[in-house]
Amino acid sequence: MPSASAILASGLPGFGPSRDGLATPRTLPAFIASASGAHQLALVAMATALFVADLAPLELQRRVVNAALPGGSARTILLLAALYIAAATAMGALKLALNIYRSYVSESAVRRLRRTLLQDLGTLAPGDRAAVEGVEVSLVLAEAEPVGAFVGVSVSEPVLEGGIVLGTFGYMLYLNPLMAALALAVFVPQMVFVPLMQQAINRRVVARTGALRRISGGIIGRHRHEATGLQDARIERVFRLNMGIFKLKFSMNFLMNLMHHAGVALTLGLGGYLVVNGETDLGTVVAFVAGLRQLNDPWGGLIDWFREWRVTLAKYALLRQALDTLPRQGA
């Protein structure tokens, strides 16, 4: 089996010699296309409608705050509050429908992948099946689940979260370019440490998959009588790899949250200064603070999607590589 670094360095979802006639697509993008097809277009359309509608609450909040200042109209405030509730209800319903649809697409992809894997594994040479039973169980039951689950969000998630980030920042730029530039500066450091930490996570994910396969092989098939000490060492390796993944993942979340709160503090400081000097209004400052909060979740969603994309590429590469290397009838 190729090393984790070799897989990640290739940057390709498929690698190694190709075998013709396999039902399982060679690359992750090819599997996504075959398993979800036109569903992805519908998901993208729903995601686009949702991120466009997501800008309405920001503007409504700004208008409510400004209308609540001396000289404002109570009737205007009530009307804006009613519009806010209507917008939130419509967005919630659309997001509910999107999440259910995504779940359907993901589960359908898991079902399809398990069926194609079973079909391909059925072509193994009879004399070699006992040696790879542990790998078969791991592929069909454990490894197919996260790969198929990613299909539902593979295209619509970056469209939704990326659209919210770009739309919200564009709105902030329209309100006050200086404060928008400050908000952008908060996210720049994340573009450096997130990819580096994610690469370290990916290496551990690939190594863990290989270790779990060896544990399965030691339980099932002719290797089931392997020494307890050897299996215990493998279990210990999986434990250490998992803890490494958790430490990197939660450290990344800590740094991202720290940058978010730093952005809120800087926005309040600069916004308060501009309000005192009559260069902006209170509603704009409130909209910026809400905008930063609104940016934080989709930005984190984009990071999570990028993390899952890279991890799923590596997992699918390992899955497809296993099919490529197992001996087959007539080979």
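The values are calculated or read from the model by the stated rules, or taken from the named source; none is laboratory data. Since the model is a prediction, treat every value here as computed from it, not as a measurement. FYI the Cβ positions are ideal-geometry reconstructions off the backbone, even for glycines, and counts take in every protein chain you see. In case anyone asks, the SASA skips ligands and DNA or RNA and just uses the protein heavy atoms, side chains included. Shrake-Rupley method; radii C 1.70, N 1.55, O 1.52, S 1.80 Å.
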Quick calc: nm separation of the 7 Å Cα→Cβ label points for Leu166 and Val289 -> 3.0 nm
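Under the definition of Cα pairs under 8 Å and six or more residues apart, what whole-number percent is the relative contact order of segment 136-276?
Here the relative contact order equals 30 percent.
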Here P(r) for the chain, Cα-Cα distances in 10 Å bins, as whole percents, is 5, 20, 25, 21, 14, 9, 4, 1, 0
Computed on Cα atoms, Rg of segment 184-274 relative to 2.2 N^0.38 Å comes out at 1.73
Expressed in nanometres to one decimal, the distance between label points 7 Å along Cα→Cβ at Ala233 and Arg111 is 4.4 nm
Phi angles of segment 241-257, converted by Karplus (6.51 cos²θ - 1.76 cosθ + 1.60, θ = phi - 60°) into ³J(HN,Hα) in whole Hz with x for Gly and Pro, give 5, 4, 5, x, 5, 4, 4, 5, 5, 6, 5, 4, 4, 4, 5, 5, 5
Given unit charges at Cβ for Lys, Arg (+) and Asp, Glu (-), the dipole magnitude of the chain about its Cα centre in debye, nearest 20, is 800 debye
Per residue convex hull volume, Cα only, segment 231-331, in Å³ is 110 Å³
Of the accessible area of the chain, computed with a 1.4 Å probe and all protein chains kept, carbon and sulfur make up a percent value of 66 percent
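Averaged over all directions, how much area does the convex hull of the C-alpha atoms of segment 27-127 cover when projected, in nm²?
Numbers: hull surface 34.3 nm².
Value for segment 27-127: 8.6 nm².
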A chain fully extended from Thr48 to Phe306 at 0.36 nm per residue, minus the present Cα-Cα distance, gains in nm 91.0 nm
Over the Cα atoms of segment 139-293 the radius of gyration and the largest Cα-Cα distance (Dmax), both in Å, equal 23.4, 79
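Show me the ranking of peptides 31-38, 208-215 by mean Cβ neighbours inside 10 Å, starting with the highest.
208-215, 31-38
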Eigenvalues of the alpha-carbon gyration tensor of segment 261-312, times 5 and square-rooted, give semi-axes in Å, largest first, of 33, 9, 6
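At R0 = 56 Å, how high is the FRET efficiency between Lys249 and Thr76 if r is their beta carbon distance? Nearest 0.05 is fine.
Efficiency, from the Cβ-Cβ distance: 0.75.
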For Thr27, placing the label point 7 angstrom along Cα-to-beta-carbon and taking segment 179-216, residues whose amide nitrogen sits under 18 Å are none
The answer for the chain, accessible area per residue at 1.4 Å probe in Å², is 49 Å²
Computed over all unlike Cα pairs, the Kirkwood hydrodynamic radius of segment 60-213 in Å stands at 20.8 Å
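So if each residue of separation counts as 0.36 nm, and I subtract the Cα-Cα distance between Asn277 and Ala93, what length gain in nm does that give? Walk me through the numbers on the way to the answer.
Numbers: separation 184, 0.36 × 184 = 66.24 nm, distance 4.19 nm.
Taking 0.36 nm per residue and subtracting the Cα distance, the gain is 62.0 nm.
Just want to confirm a number: the relative contact order over the chain, from Cα pairs under 8 angstrom separated by 6+ residues, in percent.
31 percent
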Per-residue accessible area, 1.4 Å probe, largest first, puts His260, His39 in the order His39, His260
